[in-house]
Amino acid sequence: MPTLLVTGGAGFIGSALVRHLIADTDYRVVNVDALTYAGNLDSVAEAAESERYTFENVDICDADAVGRLFETVRPDGVIHLAAESHVDRSIDGPAAFVQTNVVGTFTLLEAARRHAAQHEAPVRFLHVSTDEVYGTLGDTGLFTEETPVAPNSPYSATKAASDHLARAYHHTYGLDVVTTNCSNNYGPFQFPEKLLPVVILKAVAGAPIPVYGTGQNVRDWLYVDDHVRALVAAFERGVAGETYNVGGHNEWANLDVVRAVCTLLDEMRPAGAPHADLVTFVTDRPGHDARYAIDASKIGRDLGWTPRETFETGLRKTVQWYLDTPEWTERVLSGAYRMERLGAG
């Protein structure tokens with residue numbers, strides 16, 4: 001029964017991975033999270049009931065704490081998701097992104113390298129990154145694993161730096177590293193600063209739904225549970241030193257995504273319909289990339305992974321989840337999820 005360190009396991013994608021590993025595999029899971037604003041232990045409450053699950057409140061930038069963790073846990077593998085990920089926040093405060101995404105990744109890689117050398121025990125390191133490192137596309141074309149890196153935001157620049165570090169640790173030290181670069185994730189338990197939960201919650205409240213610019217920025221949308229299956233496939237079967245792009249084969253302009261959510265809400269929560277009347281265009285953010293699109297043929301061909309959800313089926317599941325679980329969102333918006341863990345609630 002191998003032991004995995006999952007960094008950022010209280011975040012959106014990390015918590016989905018933790019839930020999957022506990023429910024559908026035999027791995028022991030050590031959830032490593034600093035519990036910043038986006039870390040929410042409510043999202044792994046069910047998984048936490050398992051004897052195969054433990055939680056460690058550790059900052060991945062703390063080299064001493066990370067080193068002690070490796071010595072205590074003796075992991076067989078690391079799936080590294082911990083990151084600052086919201087582009088708007090990176091524009092307002094890039095320093096935190098450099099610290100977590102670059103210094104934190106370096107700290108983990110170095111700990112894995114030292115542990116593997118000292119104990120002659122290989123540690124597989126899956127580095128989870130984003131398609132935003134590739135920059136922006138025109139009206140045609142797809143990002144492949146050979147696309148030159150050209151990040152355009154502080155967030156994507158720090159993720160590109162962490163990708164380079166992961167690659168260097170494989171080629172210089174022989175660390176067993178695999179990297180994945182994914183497209184936009186969506187699904188249940190997503191922190192309500194990202195597009196889909198913002199649209200759903202604003203629409204339900206009858207509040208203006210903000211859309212940047214003209215809403216024509218295009219993204220490839222990937223349902224989070226499909227992404228989680230891809231991560232497990234890459235961890236278990238990926239070739240050391242290789243990169244695998246993970247996409248949902250779902251290109252949508254942001255405005256069309258917003259309208260699709262509104263159409264579903266008109267059906268599922270008719271009060272306030274038509275919800276599309278709430279759309280409000282706001283000033284575009286600086287350096288907003290025009291289009292992302294992933295060529296995921298390599299992971300399909302080499303590892304046998306394909307997404308199970310279409311955007312239509314995944315979007316319906318997502319909207320339904322937010323409608324069915326208002327208590328989760330309310331605890332996030334009120335701050336209760338943080339106050340309780342700090343002993344103040």
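Here are the numbers for this structure:
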read-out	value
GNM flexibility winner over the chain from ALA157, ALA121, ALA34 (Cα, springs under 10 Å)	ALA121
Eligible lysines near LYS298 by straight Cα distance, threshold 26 Å, same-chain separation 8 or greater	LYS159
DSSP beta bridge pairing in the chain, given as percent antiparallel to the nearest 5	10 percent
Unit charges at the beta carbon, dipole of the chain: most positive-side option, HIS86, LEU142, HIS20	HIS86
Assigned charges on the beta-carbon of Lys, Arg, Asp, Glu; the stretch 218-321 dipole about Cα centre (debye)	140 debye
Principal axis box of the stretch 244-345, alpha-carbon based, largest edge first, Å	49, 40, 33
Fraction of accessible area attributable to carbon and sulfur, the chain (%, probe 1.4 Å)	51 percent
Estimated vicinal HN-Hα couplings, Hz - the stretch 6-19 in sequence order (Karplus 6.51, -1.76, 1.60; Gly, Pro = x)	10, 7, x, x, 9, x, 5, 6, x, 5, 5, 5, 4, 4
Net charge of Cβ neighbours under 13 Å - reference TYR322; Lys, Arg +1; Asp, Glu -1	+2
Shape box of the stretch 149-203 [Cα atoms, principal axes, largest first, Å]	51, 24, 14
Solvent-accessible heavy-atom area per residue, rounded to whole Å², over the chain at 1.4 Å	42 Å²
Local electrostatic count, GLY272, Cβ distance below 14 Å [Lys/Arg +1, Asp/Glu -1]	-1
The chain - Rg (one decimal) and Dmax (whole number), Cα, Å	19.6, 63
Global form of the stretch 29-126, assessed from the alpha-carbon gyration tensor, a/c cut-off 1.5	oblate
Relative counts (whole %) of C-alpha pair distances in the stretch 99-156, using bins that are 10 Å wide	19, 36, 27, 15, 3, 0
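The values are calculated or read from the model by the stated rules, or taken from the named source; none is laboratory data. This structure is a prediction, so every number in the text was calculated from the model and none was measured. Cβ coordinates were reconstructed from backbone atoms using ideal geometry, including for glycine residues, and neighbour counts include every protein chain displayed. Quick note on the areas: whole protein, heavy atoms, side chains included, nothing else; ligands and nucleic acids left out. Shrake-Rupley method; radii C 1.70, N 1.55, O 1.52, S 1.80 Å.
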